[in-house]
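Visitor: Here it is, the structure, as structure tokens.
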């Protein structure tokens, strides 16, 4: 199901800190299995090397529709998790999240941004390719899926 296209001016990227842990955990839980707990999201957001954004539709009603969580280490950064609610996908929100976190970590002097994605996630692979990420490797059987065989992870990098 896809939402009616909305004017991008009604979508904002907001910095997310520990106070938004419950909201991000709620979104994560609707998108991923296994989901991250509120406590694990809070711990990640509370870490000084983390950076995160919530994508918010200004409404009415005001609605959180996506997120990105990343972490810096020296001159590298990694997207740990990113997601957009299904009814809001294919409207450029994922790209805005990727671009927003890339700008943020670049300002923090990161030279590269890394991530991994399930090899069968064609929409995400397409998004990252269009954003300039290049393949760097493969992790066999990385993603465990309840009731089915594990899925490989494709590792990607973006030079900043």
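Every number here is computed from the coordinates shown, using simple stated rules; none is lab data. Quantities reported herein were computed from a predicted structural model and do not represent experimental measurements. Note that we place each Cβ from the backbone using ideal geometry, even for glycine, and neighbour counts take in every protein chain shown.
Visitor: Taking the convex hull of the alpha carbon atoms in the range 3-54, what volume per residue do you get, in Å³?
Guide: Cα-based convex hull of the range 3-54, divided per residue, equals 89 Å³.
Visitor: At what distance in nm do the modelled label points of residue 120 and residue 103 sit from each other, each positioned 7 Å from its Cα along Cα→Cβ?
Guide: 3.6 nm
Visitor: If you don't mind, there's one more thing I want to ask. To make sure I understand, if each residue's beta carbon is the centre and we count other beta carbons within 10 Å, what order do 111, 9 fall in, fewest to most?
Guide: Arranged by neighbour count, lowest to highest, 111, 9 become 9, 111.
Visitor: Something else about it: Translational diffusion coefficient, Stokes-Einstein: compute it for the range 77-160 using the Kirkwood radius over C-alpha pairs as Rh, at 37 °C and 0.692 mPa s, and state it as an integer in µm² s⁻¹.
Guide: The estimated diffusion coefficient comes to 243 µm²/s.
Visitor: Can you tell me the relative contact order of the range 8-114? Whole percent, Cα pairs under 8 Å, sequence separation 6 or more.
Guide: 25 percent.
Visitor: Let me know the Rg and Dmax you get for the chain when you use only its Cα atoms, in Å.
Guide: 15.2, 44
Visitor: Can you show me the helix-derived [θ] at 222 nm for the chain, built from DSSP H runs with n ≥ 4 at -39,500 (n - 2.57) apiece and divided by the number of residues, rounded to the nearest 500. Provide the component values of the computation, followed by the final result.
Guide: On the way: 4 runs with 44 residues, N = 160.
Helix contribution divided over all residues of the chain: -8500 deg cm²/dmol.
Visitor: With both partners inside the chain, how many of the DSSP beta bridges are antiparallel, as a percent to the nearest 5?
Guide: 90 percent
Visitor: Still on this model: Quick check: the distance between the Cα centres of the range 28-49 and the range 70-123, to the nearest angstrom?
Guide: 15 Å
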